[in-house]
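Notes follow the structure.
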Amino acid sequence: MKGRLYIVAGCSGVGKGTLLKLFLKQNPNIIFSISATTRKPREGEQDGVNYFYVSKEEFQNSIDNNEFLEWAEFSGNFYGTKKSFVEKTLNKGIDVILEIEVKGAAQVKQKMPEAVSIFIMPPSVEELEVRLRGRHTESEEAIQKRLNEANRELEAGKSFDYKIVNDNLDDALKRLQDVFDSERRKQC
Ligand code: ADP
Ligand code: 5GP
């Protein structure tokens, strides 16, 4: 049987990365798809672990060669999911998680309607700003750009299969686990 594709999206700073790191630790049989991006690595990020960091030219070549399952521009940078990796892994019967923004999520849902989409919500827009600033990874300009994207993303999130509010981290992690467990039960 083929693996299942899960899409996890949510505003920048909502806690997707934090949640997924914990989730993947307790679900080592699920594979995280490492995206390509033209964004520069943050301190502590590693090529081939967090992202494949590529130039704009390399990214454009991948678009031209139809290598992406989906891609999008977000906050001045390009991000994309490599199609071959996702297809190969699903064909091995392994579940795959894409952590992508909402425009990419819509492209995947159109191509693969069976994909399960999960939107991570902030408890409030104010708390989102606190988290984004508290991470200390972006310039003020980058923070503003990311906050400007938030309302559009929250609107797009309404059409996702599941919505999880990341207020208390442990509760959100449990809800995420519940989604995967119930999707697995549906498959049996
Ligand atoms: P994203 O991947 O969605 O951009 P991160 O996982 O980097 O977001 O989280 C942004 C910041 O919010 C980080 O500093 C993280 O430690 C913090 N954070 C994540 N989840 C919570 C939570 N439930 N409560 C408080 N802070 C959180
Ligand atoms: P960041 O720069 O904070 O790592 O990511 C910015 C946004 O890009 C986040 O919403 C993240 O989920 C999204 N993103 C990461 N990889 C991909 C991808 O391959 N495709 C798309 N469309 N978005 C991505």
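The values are calculated or read from the model by the stated rules, or taken from the named source; none is laboratory data. The shown structure was predicted, so the numbers you read here are calculated from the model rather than taken from an experiment. Ideal geometry is used to build each Cβ from the backbone, glycine not excepted, and the neighbour counts take in all protein chains shown.
For this structure, a couple of remarks:
- Looking only at the stretch 73-99, and only at residues there that are of a type in the set (A, V, I, L, M, F, W, C) and within 16 Å of ligand 1 (Cβ to nearest atom), the one that is farthest from the chain's Cα centre (by Cα): Phe74
- Val102 being at pLDDT 95 or above, away from ligand 1 (no atom under 12 Å from the Cβ) and touching a helix residue (DSSP H, G or I) at 6+ places or on another chain (Cβ under 6 Å): yes
- Qualifying positions in the stretch 7-42 - of a type in the set (A, V, I, L, M), more than 8 Å from ligand 1 (Cβ to nearest atom) and not in a helix (DSSP H, G or I): Ile7, Val8, Ala9, Ile30, Ile31, Ile34, Ala36
- Flag if Lys56 is more than 16 Å from ligand 1 (Cβ to nearest atom) and either aromatic (Phe, Trp, Tyr) or surrounded by fewer than 18 Cβ atoms within 10 Å (Cβ to Cβ) (or both): yes
- Answer from Lys92, Lys82, Lys109 - the residue that is over 30 Å from Leu147 (Cβ atoms) and at pLDDT 95 or above: Lys92
- From the list Asn166, Asn151, the lone residue that is without any contact (Cβ under 8 Å) to a residue 40 or more places away in the chain and within 14 Å of Ala9 (Cα to Cα) is Asn151.
- From Val125, Val86, Val165, residue being touching an Asp or Glu at 6+ places or on another chain (Cβ under 9 Å) and on the phi < 0 side of the Ramachandran plot: Val165
- Residues that are surrounded by fewer than 17 Cβ atoms within 10 Å (Cβ to Cβ) and of a type in the set (A, V, I, L, M, F, W, C) were ranked within the stretch 162-178; the one that is farthest from Lys21 (Cα to Cα) is Val165.
- Residue in the stretch 95-110 that is surrounded by 11 or more Cβ atoms within 10 Å (Cβ to Cβ), over 20 Å from Gly10 (Cβ atoms) and not polar (S, T, N, Q) present: no
- Checking each residue of the stretch 45-53 against the condition of being of a type in the set (D, E, K, R) and touching a Phe, Trp or Tyr at 6+ places or on another chain (Cβ under 9 Å) gives at least one match.
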